[in-house]
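The values are calculated or read from the model by the stated rules, or taken from the named source; none is laboratory data. Everything quoted here is computed from the prediction, not taken from an experiment. Cβ sites come from the backbone with ideal geometry, for glycine too, and all protein chains shown count toward neighbours. SASA here: full protein model, heavy atoms, side chains in, ligands and nucleic acids out. Shrake-Rupley method; radii C 1.70, N 1.55, O 1.52, S 1.80 Å.
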Number of protein chains: 6
Amino acid sequence: MFAVEVRDHIMIAHSFKGALFGPAQALHGATFVIDAAFFAAQLDANGVVIDIGRAHEALKQVLEPLKYKNLDELPEFAGKNTTTEFLTQHIHEHLAAAAREGRLGRPGNELSSIRVLISESHVARAWYEAPVA
Amino acid sequence: MFAVEVRDHIMIAHSFKGALFGPAQALHGATFVIDAAFFAAQLDANGVVIDIGRAHEALKQVLEPLKYKNLDELPEFAGKNTTTEFLTQHIHEHLAAAAREGRLGRPGNELSSIRVLISESHVARAWYEAPVA
Amino acid sequence: MFAVEVRDHIMIAHSFKGALFGPAQALHGATFVIDAAFFAAQLDANGVVIDIGRAHEALKQVLEPLKYKNLDELPEFAGKNTTTEFLTQHIHEHLAAAAREGRLGRPGNELSSIRVLISESHVARAWYEAPVA
Amino acid sequence: MFAVEVRDHIMIAHSFKGALFGPAQALHGATFVIDAAFFAAQLDANGVVIDIGRAHEALKQVLEPLKYKNLDELPEFAGKNTTTEFLTQHIHEHLAAAAREGRLGRPGNELSSIRVLISESHVARAWYEAPVA
Amino acid sequence: MFAVEVRDHIMIAHSFKGALFGPAQALHGATFVIDAAFFAAQLDANGVVIDIGRAHEALKQVLEPLKYKNLDELPEFAGKNTTTEFLTQHIHEHLAAAAREGRLGRPGNELSSIRVLISESHVARAWYEAPVA
Amino acid sequence: MFAVEVRDHIMIAHSFKGALFGPAQALHGATFVIDAAFFAAQLDANGVVIDIGRAHEALKQVLEPLKYKNLDELPEFAGKNTTTEFLTQHIHEHLAAAAREGRLGRPGNELSSIRVLISESHVARAWYEAPVA
């Protein structure tokens, strides 16, 4: 299995609901450094999983609506805890849709899965890996 | 599959038995930077794999008996080569036990596996991944 | 010149005033990974700049009031842009005061300067270095 | 599953054929930092996946013919785009052959797979993972 | 003294003249990850050294003519060894000119110096620090 | 001012004397990742501070007697606390001597200073910078 991975980041505010979160129930924020990895069993005719420029662009587009935002105020996240794990899945869904729709420059069925890894500090990170289909 | 990963470290002394190890047969030491990743197919009601504070605490408790120790002198490691690989499994066993016993704040059967990764320098690391059950 | 440096982090929300900041004028947030370096011309009798445990503790105490906070709501920062640069100086002031008051376990006049470096992402950081006295 | 991973690097020139590559169609170059991971279900009698010194040496030998080269001029790569992905597979093939032939100090059938990960910058990397057999 | 630092990268080919360089006399290449740090004694009215967006943009513009190039073919580098050290100075000159001409959004005389650091691998880097004036 | 920096590492055992060190008074160990930076006001005729291969070799030679050792047993360190700070100075002395004796491939008086930085974990490091002369 081959993979190609690109990195970008966002800086957001949010708060969590639930005693579990302790002090993180207050409005705080995070820099999320995001690594998006695209998996394929075979390379394409150019010898790549997908074009790395396209990969960077696709990740950037998914992150654009989140940059410098208070996630608590985004309608699509209403009633949700925008945890690091939750966001890995959110980004995955958008990247997988881009893959299925051929927007990554390669037929979606030639990509097997996508992994989204978010580093929230030098001591903690989370990721989500799931099929494209 | 979701994962959440936390980092901690220990600074220990040890020696190895076996010609394979060359100069590392002498008493030497290491800083082991440990990343413990917890895997789950689904997020819990709070939107997390497990609480990250709990994850940090669980890892810290497993590492506590090893901190600033000469591993050659710990009875539980008698007759063992405490290689990086060996230690990944040792730490895994303790974390998996904590998971099974519900000490990570979530029913153990909701966590699928744990991966323990140890970086021993900027050019070498080892890991062990196995089911919680 | 000797230096010893320790690392910790905070996750905060804030917003900036001024057209210069573009989208960062909105409420957003950041993970700030902070490296505090303490400089001394000579090592002490133990062979250290200062005890590394004390250094970790001192940094932690300075960061405690900022952890999981919306900096816009802290009275001491009223009317200020809590930029990365601003925060390096804020943390420096508190650490320098701790040094001058001997709370780092060594007479303050034996420490020459302190540098506070904040990494706000994998592509941007800022620092402030100034004398202890 | 256990893994041990070692790191080395090469600095090469190359160019790509195909409109997909845009400006990278011109002769340019890269530092490739390579992490080679060796997987095994069980540790050997010494308590390791393979000797880490052997792993470093094996990777170094595979990289030797590529160091400080213009990959466009190497006969074995004629007509190929030596993309990061392509090179992960190239290195994998050589390491897997070394494993199968027992040149890693352990019977090849005791090693299950090898993953070769190449970091080409602080924002992009690729990897290939496949069985040894 | 305050500093703000931003990161970008280039992927280039080049060769060196001189027996000192051994195998690096052949045409090879490198990924250069570049950190440009801007120093100022005082923050401006916004509370920054310079706008970080401007800093990223300024570095990008200086690097643009070098991206995906064979440095041996650039007229401005004719007869020069484009070593890592040499390139730190080259980039510095262009950034210092931008600072002096007020293109960084702050009067040039309010910036004291610039440091350009290039990481060429995980085990080697070089830097150049000099006044803006 | 120009600088070139190279990285290597050692894995050692040692213990400390003094209540200040708490649990680190016991025999333990560390991986020390060492960055040695060489400073010069001018580049040489080849366009480098010193040959990077020579720099790597010089650092390796200084570290050789320490690799896989229990520092408590080395006669030259008798009665000393081999703290991270102490070791930065020890390595500096040897590298500065190499520089002064022309063993770095450039007259010693053309090198101004050397900085030795030791990372002992992902959250702590120390360094020593002093003139070559």
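For residue C:19, the stated conditions hold: it is away from chain A (no Cβ under 13 Å), farther than 19 Å from residue C:117 by Cα and not charged (D, E, K, R). The set of residues from the stretch A:19-52 being open to solvent by less than 40 Å² (accessible area, probe 1.4 Å), free of Cβ contacts under 8 Å to residues at least 40 places away in the same chain and closer than 24 Å to residue A:63 by Cα comprises A:24, A:28, A:29. Given the structure, is residue A:80 at pLDDT 95 or above and within 14 Å of chain B (Cβ to nearest Cβ)? The answer is yes for residue A:80. For the stretch D:34-58, a residue qualifies if it is more than 17 Å from residue D:94 (Cα to Cα) and touching a Lys or Arg at 6+ places or on another chain (Cβ under 9 Å), and the qualifying residues are D:40, D:44, D:46, D:47, D:48, D:49, D:51. Run residue B:68 past the list (1) within 14 Å of chain F (Cβ to nearest Cβ); (2) open to solvent by less than 10 Å² (accessible area, probe 1.4 Å) and report the number of the one that doesn't hold. Evaluating residue B:68 over (1) within 14 Å of chain F (Cβ to nearest Cβ); (2) open to solvent by less than 10 Å² (accessible area, probe 1.4 Å) leaves (2) as the failure.
Cβ-Cβ below 6 Å, separation at least six or inter-chain, first residue in the stretch F:92-113 and at positive phi, second in a loop (DSSP other than H, G, I, E, B) and of a type outside the set (S, T, N, Q): which pairs? Short answer, once both residue conditions are applied: F:105/F:50; F:105/F:51.
Has the stretch E:116-129 got any residue that is open to solvent by 30 Å² or more (accessible area, probe 1.4 Å) and of a type in the set (A, V, I, L, M, F, W, C)? No.
Scanning the stretch B:1-18 for residues that are open to solvent by 20 Å² or more (accessible area, probe 1.4 Å), closer than 30 Å to residue B:53 by Cβ and in contact with a Leu (Cβ under 6 Å, 6 or more places away or on another chain) returns a single hit, B:8.
Among the residues of the stretch E:86-133, those identified as over 10 Å from the mean Cα position of the chain (by Cα) and closer than 20 Å to residue D:12 by Cα are E:119, E:120, E:121, E:122, E:123, E:124, E:125, E:126. Under the condition of being in contact with a helix residue (DSSP H, G or I) (Cβ under 8 Å, 6 or more places away or on another chain) and more than 7 Å from every other protein chain (Cβ to nearest Cβ), which residue from the stretch C:26-40 is farthest from residue A:73 (Cα to Cα)? Out of the qualifying residues, it is C:40. Among residues that are on the phi > 0 side of the Ramachandran plot and more than 10 Å from every other protein chain (Cβ to nearest Cβ), residue D:47 is not included. Take the stretch E:93-112 and flag every residue that is under 14 Å from residue E:59 (Cα atoms) and open to solvent by 10 Å² or more (accessible area, probe 1.4 Å). Result: E:93, E:94, E:97, E:103, E:105.
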